[in-house]
Amino acid sequence: MASAKDYDAAARAIRQLTPEPPPGSLDTERLVRLATLAASNHNSQPWKFHIERDRITVLPDYKRRLPVVDTDDRQLFHSLGCAVENLVQAAAAQGFDAEPTYSSTVDGIVVQLERSAWAKANELYAAIPHRQCVRKPYDGQPLGRAELAKLTGIGRGSRAQTLILVTEAAKEAVTEFVTQGNALQLTDRAYRRELAAWMRFNNGEAMRRGDGRSARATGRLLPLPGLLARLMSKQIFDPESHSARDAKQIRRSAGVAVFVASEDDKSTWIDVGRACQRFALQATALDIRTAFINQPIHARALQSQFDEWLQLKGERAMLMLRFGHGPKAPFSLRRPVDEVIVKS
Ligand SMILES: Cc1cc2nc3c(=O)[nH]c(=O)nc-3n(C[C@H](O)[C@H](O)[C@H](O)COP(=O)(O)O)c2cc1C
């Protein structure tokens, strides 16, 4: 049986990168590995990468879609946006400007790479292997002004905006929405079944699959044999205990970032994913932790109420992160790079 030590060694190996190529020469496989370290819903890693000489196309892998929680694939495209953001930062570190554009012809994001004397590694790039979702209580302290200013500026995309909420009243209101979201989602059998299918309830299963939400990284479940755990999903995904934990975690966060946009198409979903990943990388660079709390957005019945509470006019909330200083957590796993590269 694989131990926590085996699991952590596997997670470390995934983040141990090959040496930097000489400046100005491209190592596309390295770029793809760094892209795959991005966040994705349920760690579904719904991406494929088609590599050409000076171009990488990031394609959706619809076999990995989440039809219950993500009926229209918007979260899948947010996840692709997260991977694209890592790719852009990693390309800069190799001396290349990366220009991503969504192409409806290929239904993917074409990332054109161009050598540039100005492109170089920055703190967001350095943060890529260290970024993680930390689903633990943080230290309950507010952030400093300079930290907040950096985070506020970074989540702005060409189509995305970030709202930062830090007051106790706002955190309480978000907690209430998250509680309602848990009550809706976790009492829905189809939702629980889909979530259970992506849970990796023990270290061996997590390491074999290299995807999904591992018990070790999520920190929420006792490692159990997968079949037994899936049969117990009603008990494991109990809304009340989840909400009690979420409430404590939101109250002990410094604040909440909501990523909003006015358009509602694939290009926008990608841009929102990019903004969110950039925010998480900047937070990581500042030694600040982040975790998603998307329940009021994913539970469709709550979405318009949540947008109204945020006083959005013609925009809608698409993703939400809590943030704050706090402990680290075990890292999530990834599939081998070979599995995500599409050969021409
Ligand atoms: C679009 C999107 C939606 C997500 N939704 C949730 C969520 O509702 N709850 C949660 O705990 N994590 C959520 N996540 C985080 C993923 O579960 C996480 O990125 C994945 O397990 C990989 O772990 P890592 O980010 O620590 O590498 C989401 C991530 C993305 C990109």
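From zero outward in steps of 10 Å, how is the percent of C-alpha pairs of the stretch 185-344 spread across the bins? Taking every Cα pair in the stretch 185-344, the percentages come to 9, 29, 38, 21, 3. Which pairs, out of K5/K48; K48/K234; K171/K313, put more than 23 Å between their alpha-carbon atoms? Table pairs above 23 Å Cα-Cα are K5/K48; K48/K234. With r defined as the distance between the Cβ atoms of Q161 and A9 and R0 fixed at 41 Å, what FRET efficiency is calculated, to the nearest 0.05? Approximately 0.50, to the nearest 0.05.
Roughly how many debye, to the nearest 20, is the charge dipole of the stretch 285-342 about its Cα centre, given +1 on each Lys and Arg Cβ, -1 on each Asp and Glu Cβ, and no other charges? Provide the component values of the computation, followed by the final result.
On the way: 8 positive and 6 negative charges, 26 e Å.
Roughly 120 debye, rounded to the nearest 20.
Rounded to the nearest angstrom and ordered from largest down, what semi-axes does the equivalent ellipsoid of the stretch 56-173 get from its C-alpha gyration tensor (root of 5λ)? All intermediate terms of the calculation are to be shown ahead of the outcome.
Numbers: eigenvalues 163, 103, 35 Å².
Rounded to whole Å, the semi-axes are 29, 23, 13.
Name the residues of the stretch 186-209 whose amide N is less than 18 Å from a point 7 angstrom out from the Cα of R230 along the C-beta direction? Answer for this model: 189-209. Of the trypsin sites (Lys or Arg not before Pro) found in the stretch 244-344, the ones in coil according to DSSP and having at most 11 other Cβ atoms within 10 Å of their Cβ are K313, K328, K343.
Restricting to DSSP H runs of at least four residues, report the calculated mean residue ellipticity at 222 nm for the chain, -39500 (n - 2.57) per run over all residues, nearest 500 deg cm²/dmol. Please list the in-between numbers first.
Numbers: 15 runs with 153 residues, N = 344.
Helix-only estimate at 222 nm: -13000 deg cm²/dmol.
Over the chain, give the accessible area per residue in Å² for a 1.4 Å probe, as an integer. Write down the numbers at each step before the final one.
Details: 15200 Å² over 344 residues.
Per-residue value: 44 Å².
For the chain, the antiparallel share of DSSP beta bridges with both residues in that region comes to about 85%. Compactness of the chain was expressed as the Cα radius of gyration divided by 2.2 N^0.38 Å, which yields 0.95. Distance between the C-alpha centres of the stretch 247-323 and the stretch 140-208: 7 Å, rounded to the whole angstrom.
Can you give the log10 of the normalised intensity I(q)/I(0) at q = 0.11, 0.13, 0.15, 0.16 Å⁻¹, computed with Debye over equal Cα scatterers of the stretch 4-131? Taken in order of the listed q values, log10 I(q)/I(0) reads -0.39, -0.54, -0.71, -0.80.
Rolled with a 1.4 Å probe across the full set of protein chains, the surface gives T71 an accessible area near 90 Å².
Normalising by the residue count of the stretch 1-140, find the relative contact order in percent from Cα pairs under 8 Å and 6+ residues apart. Let's see the in-between values first.
Working: 196 pairs, mean separation 33.6, N = 140.
In percent, rounded to a whole number, it is 24.
Could you check how much of the accessible area of the chain is carbon and sulfur, as a whole percent, using a 1.4 Å probe? Carbon plus sulfur share of accessible area: 53 percent. Using Cα centres only, tell me the gap between the stretch 60-87 and the stretch 96-117 in whole Å. Spelled out, the Cα-based centre of one part sits 18 Å from the other. Go ahead and run the numbers for FRET between T105 and E29, Cβ-Cβ distance against an R0 of 25 Å, rounding to 0.05. Result of the calculation: an efficiency of 0.45. Taking every alpha-carbon pair under 8 Å whose residues sit at least 6 apart, the chain reaches a relative contact order of 26 percent.
Going through the stretch 1-106, which trypsin sites (Lys or Arg not before Pro) have at most 11 other Cβ atoms within 10 Å and a DSSP loop state? Present the calculation step by step, with values, prior to reporting the outcome.
Values: sites: K5, R12, R15, R30, R33, K48, R53, R55, K63, R64, R65, R74; in loops: R53, R65.
For trypsin sites (Lys or Arg not before Pro) across the stretch 1-106 that sit outside H, G, I, E and B with at most 11 neighbouring Cβ atoms in 10 Å, the list reads R53.
The values are calculated or read from the model by the stated rules, or taken from the named source; none is laboratory data. This one's a predicted model, so the numbers in the text were calculated from it and none came from an experiment. Cβ coordinates were reconstructed from backbone atoms using ideal geometry, including for glycine residues, and neighbour counts include every protein chain displayed. Surface accessibility is based on the protein's heavy atoms, side chains included, excluding ligands, DNA and RNA. Shrake-Rupley method; radii C 1.70, N 1.55, O 1.52, S 1.80 Å.
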